């Protein structure tokens, strides 16, 4: 496999991650009270890189010591890994306890807010061109279908869908350029809210010099991927806040939060 082919495949993965922009945290119940953060992380690391936190409270009988509350959280870097964990490790055994897994409520709310904010940014971005970048195009869609979708709004200069190096399939995005900026604006405003093709929602952005070429998109996507990866991680202090809600009036230890909050 050539270096350029490896690079193209990596960019495809980055684009998918950028579009999703999801936080990925599992809630784990029915833990053995002797299970540690390390035990929990080791159990789920068979799926992929993760971070684990066991909910704890102060031990009233032994000042300065902590007691497990029997549940915790697993934080993954992608929804793909989270779903794989749900599939493979639901009801799995850890230290003679059958684990119960579900998506964290905070995760689902965070996902909705992130997607809402992204759509708002897309709408607010100022138009400087007649060219639209169309992302999240389903791979079974062809250039004729994209052209037919946009041509009803006005005369087109061209429709371009870059292809993968290793085959004849497109890479999941394309460019639509109108003769008139006004026609481009009308198309963008009509289609950017909730236009689906083969079950996938098209993501529209105004094209510019930065994302008008494969190399430009590569740099832009890599930057967005770095930013979205950092935003995906819930701070340990935020997780502890959720633990407090679930643990009632029990005080949760913040012994390990310092390194995250600094």
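Given R0 = 22 Å, the distance between the Cβ atoms of residue 128 and residue 200 translates into a calculated FRET efficiency of 0.25.
Ordered by the number of other Cβ atoms lying within 10 Å of each residue's own Cβ, fewest first, 35, 195 fall into the sequence 195, 35. Extension gain, residue 38 to residue 62, is 6.4 nm, computed as 0.36 nm per intervening residue step minus the present C-alpha separation.
Centre-to-centre separation between the Cα atoms of segment 40-104 and those of segment 161-180: 42 Å.
The listed peptides 42-51, 196-205, 72-81, ordered by packing as a protection proxy, come out as 72-81, 42-51, 196-205 (highest mean of other Cβ atoms within 10 Å first). Among 188, 33, the ranking by other beta carbons within 10 Å of each residue's beta carbon, starting with the fewest, stands as 33, 188.
Label positions at residue 180 and residue 100, each projected 7 Å from the Cα along the C-beta direction, are separated by 6.1 nm. Distance between the modelled labels on residue 152 and residue 29, one decimal in nanometres: 4.7 nm (7 Å Cα→Cβ projection).
Throughout, read-outs are computed from the coordinates displayed, never taken from laboratory work. Here the structure is a predicted model, which is why all the values come from computation and not from measurement. All Cβ positions, glycine included, derive from the backbone under ideal geometry; neighbour counts span all protein chains shown.
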